[in-house]
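Accompanying notes for the structure given below.
We did not get these values from a lab; they are worked out from the coordinates using the rules stated. The structure presented is a predicted model; accordingly, all values stated were derived computationally and were not measured. When we count neighbours, we look across all protein chains shown, and the Cβ atoms used for this are built from the backbone with ideal geometry, even at glycine.
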Amino acid sequence: MTNYERKGNRMELTKDTLLDMYRRMVRIRIFEEGLMKFDEQGLIPGTGHVSIGEEAVAVGATTAMGNKDYLVSTHRGHGHLLARGAKMPIILAEVLGKATGCTGGKGGSMHLSDFDRYILGTNGIVGGGINIAGGIGLALQMQKTDQACLCFFGDGASNRGVFHEALNLASLWKVPTVYLCCNNQYAMTLPLCKNCANQDISARAVAYDIPGYQVDGTDVIAVYEAVAAALQRAREGKGPSLVEVISYRLRGHSMRMDRMPGGSSYRPEREIEEWEESKNPIKIFQQKLKELGYMTDESATKILSECQKEFREAVEFAQNSPEPKPESIYEWIYA
Amino acid sequence: MAERQIAFREAIAEAIKEEMTRDEKTFAMGEDMAVIGGAFGATKGLLEEFGEERVMDTPISETAIVGFALGAAIAGMRPIVEIMRCDWMTICMDEIVNQTAKMRYFTGGRPQIAVVIRTATEGGIGLGAQHSQSFEAWFTHVPGLKVVMPSTPYDAKGLLKAAIRDHNPVIFMEPQILYGASGPVPAEDYVVPLGKADVKREGKDITIVAWGGITPRVMNAAQTLADEGIDAEVIDPRTLRPLDIETIVASVKKTSKAVIAHEANKTSGFGAEVAAQIQELAFDYLDAPIQRVGAPDVLVPINRNLERIVLPGPERVIEAVKAIL
Ligand SMILES: Cc1ncc(C[n+]2csc(CCOP(=O)(O)OP(=O)(O)O)c2C)c(N)n1
Ligand SMILES: [Mg+2]
């Protein structure tokens, strides 16, 4: 295991950037808490996977990205998209199956994208993006741009065979793709100890001759620094890195499972409470910003209410959006 | 001057070479396809022509080959990849079916997913049941894919060029029995459009629809039938998805009888789809039940005699024709 070592000046993050990072974390939290309310009312077709408790991973990582870097997400991707600047009303409309959504209301939570922002989207297949991200890196390498690709995946996904094929090839060809494993310690109901023979996922980097970092996923700046270093390395033509971010999801696997009787019996209540109390990344970051003198209770409340307002506006947009037209089922299948 | 004759494998290599020359965004990758020019010699000369940056040998990583191709396509490239054998397409079905075929839809119709997946298909050379299968029906079942299966060097070259220029994922299936077969191929640039069937032989008594490696055998059968006074029309759809059903139906309306022949297992083979569409569109014209010729529901054995029994030849086609004449 390589614990990611801090180097450089963490203060390259300006006050404005830090506050913007905080705002984006809150924005994700508000959005997903709102989604859960919609789900309770049966307004979300299918389901969705919220990332409450994992906001520092999405925000830290995306803050390190360049404007034209590609992002490949997972089934748990609302946060990745929002952190990267995708428009909340469009995302909400999609999750609710409305025509104004990014996939015309046909994809939902597991098929979100924002092509203009180089966000390729969430994926309903666990591990489905790992190879795709390698291929994006390959294209960027061939096109000789200085863009890179960031690929999120989970601890569960790390045990799919594609993980091996993709990381081997990405390293062999030194493509500019950064692999970020959000290890939230569960894959659906399966705890890490029943999931990974070696629970140190970052250690696998050795097998591919690439750097492997393990980072505290409750520390948004630590995530930022590790991903920034990995992206920098990718841009220098040195190939991929594996960044494992230790995190925890504070809600159930999916909104649907959260509503199922016994749907959370696979983990101790106490464990959730502990993370909720002492390892809530938003609380931790807020504390840090206060210590730096960048935030007060008032300014925190202001950010919160602004995010709530933003969500209300998104709700208004999504709810007033039309249903997709029947003939739209034929769209986008062939070019 | 006699028409230029080249082998099927050379037609494939020429098509890739011409298209890679035309379009800088194209590149080729797959297992053992660069240095030695592929397990079937169908990519010979490409490495020398374009170098390692555009012609790459990959590790034995079928999911990565297709998944990387998809990623590259999303970022604006036009990859031409090879999965050495159709049997191994099963290994990367997620990348093909869940990812590549659906990516355009899931990104709101934005990117062109210009990926060509070439693969050697069918049997006939004694390689047994994991090296002789033909899964065209697996892929025709999937919206978002196009499926092409040529039976002559001319069609192979023209269709592959069209597939490479197409903005959608194309599964390009090359019957391995045909790699060495020669036929006329013009030296000039041409494409064979996807989705257009070819009437390989005109006739008035019966329609035989056939694709892939069995097609030359069907042409032989048609000759034998002609010697007996039976005038068969042979249609090769060449592209199975989208299927040019109009050409097939027009023929059936003329002949009132149809036989469909393919090498894949008959049960749930693509022949069932063709038969269903014929009866939907031309039931009143049919004078007899549609006949299907395909492999029985067994595995392809390596023993030469057994393999010949399993994979349908001209006799089986003739039998099927005579059963309804
Ligand atoms: C290939 C595949 N297998 C199983 C599933 C069902 N499934 C959806 S999410 C999930 C758990 C994934 O765990 P992980 O990769 O750790 O991501 P997390 O949900 O923890 O964010 C499972 C099993 C799926 N969608 N795709
Ligand atoms: Mg997990």
Can you list the HN-Hα couplings for the stretch A:241-251, worked out from phi with the Karplus curve (6.51, -1.76, 1.60; θ = phi - 60°), rounded to whole Hz and with x for Gly and Pro? 9, 10, 10, 9, 10, 7, 9, 7, 9, 7, 10
Looking at chain B, do any whole DSSP H helices span at least 30 angstrom along their long axis by alpha carbon and average 1.0 or above on Kyte-Doolittle, and which? none
From the alpha carbon gyration tensor of the stretch B:75-124, can you work out the equivalent ellipsoid semi-axes (sqrt of 5 times each eigenvalue) and give them in Å, largest to smallest? 24, 12, 7
Cβ-defined net charge surrounding A:Glu33, 14 Å radius [Lys, Arg +1; Asp, Glu -1]: -2
In Å and from the alpha-carbon atoms only, list the Rg and Dmax of the protein assembly as shown. 28.0, 98
Taking every DSSP beta bridge with both residues inside the stretch B:198-324, roughly what % is antiparallel (nearest 5)? 20
Mind checking the mean number of beta-carbon atoms from other chains within 10 Å of the Cβ atoms in A:117-123? 3
To check you understand DSSP bridge types, tell me what percent of the beta bridges within the protein assembly as shown (both residues inside) are antiparallel, rounded to 5. 15
Sort out for me the Cα centre separation of the stretch A:213-292 from the stretch A:106-131, rounded to whole Å. 20
Bins of 5 Å, starting at 0 and running to the largest distance - Cα pair percent for the stretch B:227-273: 5, 17, 26, 25, 17, 7, 2, 0
Cβ-based charge dipole, the stretch B:5-184, positive-most Cα from B:Thr58, B:Pro79, B:Tyr179: B:Pro79
Let me check against my output: what whole-number percent is the relative contact order of chain A, with C-alpha pairs under 8 Å and at least 6 apart? 24
Check which residues have an amide H placed less than 5 Å from B:Val209's amide H, if you skip close sequence neighbours. B:Ile235, B:Val259, B:Ile260, B:Ala261
Looking at chain A as a GNM with Cα springs under 10 Å, which of A:Tyr70, A:Tyr179, A:Tyr266 has the largest mean-square fluctuation? A:Tyr266
Calc'd 3J(HN,Hα), the stretch B:79-86, phi into Karplus 6.51 cos²θ - 1.76 cosθ + 1.60 (θ = phi - 60°), Hz, glycine/Pro = x, comes to x, 10, 10, 10, 9, 3, 9, 4
How high is the relative contact order of the stretch A:176-293, in percent, with contacts defined as C-alpha pairs under 8 Å that are six or more residues apart? 34
From the convex hull of the Cα coordinates of chain A, what is the mean projected area in square nanometres? 17.1
Return the sequence-ordered ³J(HN,Hα) values of the stretch A:80-86 in whole Hz as given by the Karplus equation 6.51 cos²θ - 1.76 cosθ + 1.60 applied to θ = phi - 60°, using x for Gly and Pro. 4, 5, 5, 4, 8, x, 4
Report the residue, chosen from A:Val72, A:Val215, A:Val126, that carries the largest GNM mean-square fluctuation when chain A is represented by alpha-carbon nodes joined by springs under 10 Å. A:Val126
For A:Asp69, other-chain or 5+-apart residues with amide H closer than 5 Å (H placed, Pro excluded) are A:Ala148
Pop out the Kirkwood hydrodynamic radius of the stretch B:198-324 from its pairwise C-alpha distances, inverse of mean 1/r, in Å to one decimal. 14.4
With a 10 Å cut-off between alpha carbons and a GNM built on chain A, which of A:Thr177, A:Thr145, A:Thr103 moves the most? A:Thr145
Only four residue types carry charge here, +1 at the Cβ of Lys and Arg and -1 at the Cβ of Asp and Glu. Report the dipole size of chain B about the Cα centre in Debye, rounded to the nearest 20. 420
Amide H within-cut-off set for B:Glu82, under 5 Å, with H built and near neighbours excluded: B:Met29, B:Gly30, B:Glu31, B:Arg118
In this structure, among B:Lys196/B:Lys254; A:Lys194/B:Lys102; A:Lys106/A:Lys309; A:Lys68/A:Lys174, pairs with alpha-carbon gaps over 25 Å are A:Lys194/B:Lys102; A:Lys106/A:Lys309
